[in-house]
Amino acid sequence: MAATTASRIAAVARRWFGIGQLRPEQEEAIGAVLDGRDTLVVLPTGFGKSLVYQIPALLLERPTVVVSPLIALMRDQERSLRSRGVPVARLDSTLRAESRRQVIARIRKGGRMILLTTPETLQSVDARPAIAEARPALMCIDEAHCISEWGHDFRPAYLRLGREREALGIPTVLALTATATPRVRRDIATRLGMVEPALVIAPPHRPNLRFAAHHAEGGLKIELAGRLIRTLPRPAIVYCATTRAVDEIHRALQRARIPSARYHGAMGTEERRIAQRKFMRGGHRLVMVATSAFGMGIDKPDIRTILHFQVPGSLEQYVQEAGRAGRDGRPSDCVLLFDPADLGIQEFLQRTSRPRASQLRRLTEALAAWAEEKRPVSPKDLALSAAVPVSTCRSLAGELEQLGLVEVDHEARLVARVAPDELRAAAGDLAARFETLRREDQRRLLAIADYALTEDCRSAFIRRWFGEPDAPACGRCDRCRARAVALSGWAEKAL
């Protein structure tokens, strides 16, 4: 990176964000983006990934489009950037008609700005022409693991982003995530159409995090969780796999007069918003009990403990959630309670979240029937024809579009691009792919069990999973501490 570029980056970091020194990984990634290179960045939670697009956006002359999976996260980012005087706009489904028209008018003007949006809004009939007219210089994909079918939080709406980038003529793409195995990194690069991307990767290791796991089953686990919640530092998050577990633990904490809140998808929107606000602004003793719905965008720097009452679905998900602890750099605890029975809960959740081969066959048959009539079909009508949920229909349609079998017209309707018989034949190939994904889900779930039961350093175990073969021991996890105590006792006996 040229000295002049480095000095410009440093000047923007100081002026707009009050940062005197960027991390080497941030500097490398920002330099690659400003050089016009497609860039894939994997940095642990708390490493300041957002600066990797924010600083270039203030140096580029044309807009930077930032695609995010969460509207709540975009609202927080918009508020923060606006408070610093950064030119920013947010475009999503929650805007009222007049506000939406104003934002689109601002986009059409082009120039230097950050546009925060969702994958769905990026593809909407009013947003796309305005964005194309503004000729963005950079597209940033936040939480980029969502684009990969091998990632732990796959989002079908992300599948079209590579084509959208091409259609909009955006020259440079930046992908950001905290967790990506080598396979996920390759998938992200392929789906986004990256050309010889710059890879900036830091190990998923933060020295202030103390990892631990306990093998506890049934009632013993509940008893152990109670002791840990009372003794471990707070604020804390207790993650559960089911809404029932969240409600039960929350009631138990209330009976014990421990300040707490709860958060899960079965609660109303306003109830969830109040609970999140209470946790983010609340006192230092609060415990949030939540499912993974309380996830991305939780930017509270002083979380002291993350306790997983039930295992998550993958090691990637565990690292993402545990990484919300200690973002202020102070020592924090990440504890997993392992009960083999909990693996069955995750297996059930995975079965219900992945489309089934029978649903695929019904959908392709229904789509072929619409194609034979030479008629486009909306996802809602196709879902009704195929007797599948609309969400499943959108997911499967995204897969078919990725394979070039269908396309979406200007009215967001699905149109077959191949003959009906070819569409039906594709169902068999996709069904085999779903079986591969099912086996991958199982492999990732078994990795959680291996992590819980390993005798090795837990940090080293995680780093090897993410592609670092010779990861050193951390010296801080429960395994390392137990080994140090054993060695100390052996040394005393030897003397």
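Here are some notes:
- Antiparallel bridge percentage (DSSP; both residues within the chain; nearest 5): 10 percent
- Contact order normalised by residue count of the chain, Cα under 8 Å, 6+ apart, percent: 14 percent
- Label zone of HIS410 (point 7 Å out along Cα→Cβ, amide N under 11 Å): in the range 162-176 this covers no residue at all.
- Here the contact order of the range 222-300, divided by its residue count and restricted to Cα pairs under 8 Å and six or more residues apart, works out to 41 percent.
- Here the simple spin-label model places points 7 Å from the Cα toward Cβ, and for ARG135 and ALA252 these points are separated by 6.1 nm.
- The range 307-435 - charge dipole about Cα centre, Lys and Arg +1 at Cβ, Asp and Glu -1, debye rounded to 20: 200 debye
- Whether the range 209-348 is rounded, prolate or oblate, judged on the alpha carbon gyration tensor where a/c under 1.5 counts as rounded: rounded
- Between 0 and 90°, nearest 10: helix 218-231 axis offset from the chain longest Cα axis: 80 degrees
- For the range 146-297, the dipole from Cβ point charges (+1 on Lys and Arg, -1 on Asp and Glu) about the Cα centre works out to 660 debye, to the nearest 20.
- Packing-based ranking, highest mean first, of 133-143, 357-367 given that Cβ atoms within 10 Å are counted: 133-143, 357-367
- Packing-based order for 41-48, 234-241, using average beta carbon neighbours within 10 Å, highest first: 234-241, 41-48
- Relative contact order (%) - criterion: Cα under 8 Å, at least six apart; region: the range 308-433: 22 percent
- Packing, taken as the mean count of other beta carbons within 10 Å per residue, orders the peptides 255-266, 429-440, 61-72 from highest to lowest as 61-72, 255-266, 429-440.
- With a cut-off of 11 Å between beta carbons, the residues surrounding LEU396 carry a summed charge of +3, where Lys and Arg count +1 and Asp and Glu -1.
- Whole-number D in µm² s⁻¹ for the range 399-445, Kirkwood Cα-pair radius fed into Stokes-Einstein, 25 °C, 0.890 mPa s: 202 µm²/s
- Rounded to the nearest 10 degrees, the inclination of helix 478-494 to the longest alpha-carbon principal axis of the chain is 30 degrees.
- Between ASP456 and ALA341, the FRET efficiency estimated from the beta carbon spacing at R0 = 22 angstrom works out to 0.35.
- Net charge, GLU455 excluded, C-beta distance under 12 Å - Lys, Arg +1, Asp, Glu -1: 0
- The stretch between ARG96 and ARG356 holds 89.9 nm of extra length on full extension. This uses 0.36 nm per residue minus the Cα-Cα distance.
- Potential lengthening of the chain between ARG375 and ASP35 amounts to 117.9 nm, from the contour at 0.36 nm per residue minus the alpha-carbon distance.
Throughout, read-outs are computed from the coordinates displayed, never taken from laboratory work. Remember, predicted model here, so these are calculated numbers, not experimental data. Counting neighbours? That spans all protein chains shown, and the Cβs are built from the backbone with ideal geometry, glycine included.
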